[in-house]
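Below is one structure; the comments refer to it alone.
The values are calculated or read from the model by the stated rules, or taken from the named source; none is laboratory data. It should be emphasised that the depicted structure is a prediction, and the values quoted were computed from it without experimental measurement. Don't worry about glycine lacking a Cβ; one is built from the backbone with ideal geometry, like all the others, and counts go over all protein chains shown.
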Amino acid sequence: MRDLERVGGLRIEALETGLPEPIRHAGTAASPRFLELFTAVFRNPNTREAYARAGVRFCDWCEVRRIQRPQIQPIVVAAYIEELGCSLSKPSVKVHLAALRMFFDHLVLGQILPKNLAFSVRGPKHFVKRSKTH
């Protein structure tokens with residue numbers, strides 16, 4: 001087995017093990033766009049890794065529920081975000097939603113999707129309270 005490829009410090013396991021099923025079934029143009037987003041678009045390696053994890057997690061969630069790309073609508077993204085809210089903190093859920101918005105936006109720009117399916121989905125409200133001394 002050859003070493004997994006690294007792009008900009010990120011280990012791209014998808015190149016070795018295969019892409020998530022919803023991406024593979026979205027057409028031949030979707031796979032390069034998916035990999036491009038998580039290898040070429042983000043300069044910060046921490047953001048790149050967090051967003052890649054979020055994108056793959058969403059695809060895995062869809063795969064478990066047998067949701068194919070044509071079935072993914074804002075209500076499906078909203079259901080995913082609600083479910084994440086049961087196991088993750090509000091800031092983490094907001095990061096996942098931001099990653100999905102960027103992911104779908106990248107697919108729209110590549111003419112894979114007609115619209116951003118996560119654009120209208122609202123995340124949880126999170127307020128940071130500051131003390132009076134700051």
Here are 99, 54, 78, 50: which of them is more than 23 Å from residue 115 (Cβ to Cβ), among the small types (Gly, Ala, Ser), touching a residue at least 24 places away in the same chain (Cβ under 8 Å) and surrounded by 14 or more Cβ atoms within 10 Å (Cβ to Cβ)? 50
For the range 78-95, state whether one or more residues are at pLDDT below 90, among the aliphatic types (A, V, I, L, M) and either over 19 Å from residue 27 (Cβ atoms) or outside any helix (DSSP H, G or I) (or both). no
